[in-house]
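See below for the structure under consideration.
The values are calculated or read from the model by the stated rules, or taken from the named source; none is laboratory data. It should be emphasised that the depicted structure is a prediction, and the values quoted were computed from it without experimental measurement. Every residue, glycine as well, gets a Cβ built from its backbone with ideal geometry; the counts of neighbours run over all protein chains shown.
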Amino acid sequence: MGIRPHVFEWCNLTSSETGSPPFTTDSSTARFPITLDRLRPYDMFSGNYGIRINQPPMIKPNQMVVIDKIACTPHSGSHVQILLETTKYFQNPDGEDFNAYGISGLMSPYPVGSPSTCNGTDAVLPAMELDPPIYVLPGQTWGAIFTTLDGVQGVESGGSTAVSAMIRYYLYDGLDAMIRMKLIDMGVSVKPSNIDWYKREILNLNKSQIAESKLNTDGNIPTYRPQSLSR
């Protein structure tokens, strides 16, 4: 219940020194890079390449997700794209999602200061922040796609190039999820500090304000708008 932070790291690593099978669910033994084809999208959560989990991320009807950090390896033309249902979140300026690969590692490197070349030169610093964050609403499915524009060679091809990506997100559950929707309606950024701020404002309502708020409610969250906003 409440607010739970999550960080997921994906790498093109497997536990087999031959690269077969090309995936693993045990990150502690994942140490052998596998080959990735250029321009091919790879499912980061439950695909059959690299580190994976047993099932895709699930959001219950009383839960919501806020994605506030996306980053990946800055070399090999690495990109990360977020999927909401089946739609790519990051689209081209013309609104089309064809060849829209998402956030590049040159814009948001992981780890920070990683080299932009495979030989370890030219460290890269972040050039963007995910602001506003990405909101995944109750009932929506979501996922993440990794794409390399150059391709990488793994152990099965005689290579040893490793790439990785990370996603940080917050899972809001129960009452906090309801408050999160109210903050979105108010135009206030959804983050733990603003969730706490809204709770304090509700607790500070005087009797007349409580009586007024009961005349017009939205679920269990009063429609009362606090005087000061923490955006």
Filter region 148-163 down to the residues that are surrounded by 22 or more Cβ atoms within 10 Å (Cβ to Cβ) and under 22 Å from the mean Cα position of the chain (by Cα) and list them by number. T148, V163
Selection count, region 41-89, where residues are in a loop (DSSP other than H, G, I, E, B) and closer than 13 Å to I167 by Cβ: 6
Test result for S116, touching a His at 6+ places or on another chain (Cβ under 6 Å), more than 24 Å from G19 (Cα to Cα) and of a type in the set (S, T, N, Q): yes
What is the residue count in region 1-28 for residues that are without any contact (Cβ under 8 Å) to a residue 24 or more places away in the chain and surrounded by fewer than 12 Cβ atoms within 10 Å (Cβ to Cβ)? 2
Which listed residue, of I82, I34, I53, is buried (at least 17 other Cβ atoms within 10 Å of the Cβ) and within 16 Å of the chain's Cα centre (by Cα): I82
What are the residue pairs meeting all of these: first residue in region 89-105, first residue closer than 23 Å to K69 by Cβ and in the same structural domain as L149 (by TED's automatic domain parsing), second residue surrounded by 10 or more Cβ atoms within 10 Å (Cβ to Cβ) and among the charged types (D, E, K, R), Cβ atoms under 6 Å, and 6 or more apart or on different chains? Q91/D97; D97/K88; A100/K88
Subset of region 158-179 (residues that are within 26 Å of G139 (Cβ to Cβ), out of contact with any Phe, Trp or Tyr (no Cβ under 9 Å at 6 or more places or on another chain) and among the hydroxyl-bearing types (S, T, Y)): Y170, Y172
Checking the structure you have, find out if any residue of region 136-146 is touching a residue at least 40 places away in the same chain (Cβ under 8 Å), more than 24 Å from Y101 (Cα to Cα) and not β-branched (V, I, T). yes
Might you check whether a residue that is basic (K, R), modelled with pLDDT of 90 or more and touching a Ser or Thr at 6+ places or on another chain (Cβ under 8 Å) occurs anywhere in region 76-97? no
Residue count for region 93-116, restricted to those that are in a loop (DSSP other than H, G, I, E, B) and surrounded by 12 or more Cβ atoms within 10 Å (Cβ to Cβ): 12
